[in-house]
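The values are calculated or read from the model by the stated rules, or taken from the named source; none is laboratory data. Note that the structure is predicted; figures quoted are calculated from it, not measured. Neighbour counts run over all protein chains shown; Cβ positions are idealised from the backbone, glycine included. Just the protein is used for accessible areas: all its heavy atoms, side chains included, with ligands, DNA and RNA removed. Shrake-Rupley method; radii C 1.70, N 1.55, O 1.52, S 1.80 Å.
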Amino acid sequence: MKTLTLETDHKIKLPHDWVKELGLESGVTLERTDEGILIRPYIAQTWDEVYAEKLKMGTPSALDLSEVSGDDLIF
């Protein structure tokens, strides 16, 4: 076990070898547990992965443009 001190702004400096060994270069997530704080590697997602679970649009129905004027258009 290694003990670390909290800096004045509540930051924790992890040893460089831990960061590389645990894959923490891109960031971490923190989880509060009954025993303390659990630090896990943050796994970056691609935009395809982010939008994979979004709702898909259905087929568009006929548009009713009777109430649309030229003032409604944004250029």
With a 1.4 Å probe and all protein chains left in place, how much of the accessible area of the chain comes from carbon and sulfur atoms, in whole percent? 56
Using the Karplus curve 6.51 cos²θ - 1.76 cosθ + 1.60 with θ = phi - 60°, what ³J(HN,Hα) values do you get for each residue of the range 36-47, in whole Hz, with x for Gly and Pro? x, 10, 9, 9, 10, x, 8, 9, 5, 10, 7, 4
Skipping prolines and chain starts, which residues have an amide H placed within reach, meaning under 5 Å, of the one on Tyr42, given they are 5 or more residues away or on another chain? Gly27, Val28, Thr29
Would you count, across the chain, every pair of lysines whose alpha carbons are under 28 angstrom apart, provided the pair is eight or more residues apart or spans two chains? 4
Mind sorting out which of (i) 5.2; (ii) 12.0; (iii) 6.9 is the real mean projected area of the Cα convex hull in nm² computed from the coordinates? (ii)
What whole-number value in Å² describes the accessible area per residue of the chain for a 1.4 Å probe? 107
For the chain, the dipole about the Cα centre with charges only on Cβ (Lys and Arg +1, Asp and Glu -1), to the nearest 20 debye, works out at 500
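Calculate, in nm to one decimal, what His10 and Ser26 gain on full extension: separation in residues at 0.36 nm each, minus their alpha carbon distance.
3.8 nm
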For the chain, whose charge dipole is built from +1 on Lys and Arg Cβ atoms and -1 on Asp and Glu Cβ atoms, the candidate among Leu22, Thr3, Trp47 with its Cα farthest towards the positive end is Thr3
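Tell me the GluC sites (Glu not before Pro) within the range 1-64 that lie in a loop according to DSSP and have at most 11 other beta-carbon atoms within 10 Å.
Those that pass, being in a loop and sparsely packed, are Glu7, Glu25, Glu35, Glu53.
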Hey, got a sec? Which chymotrypsin sites (Phe, Trp or Tyr not before Pro) in the range 1-70 land in a DSSP loop and have at most 16 other Cβ atoms within 10 Å? Tyr42
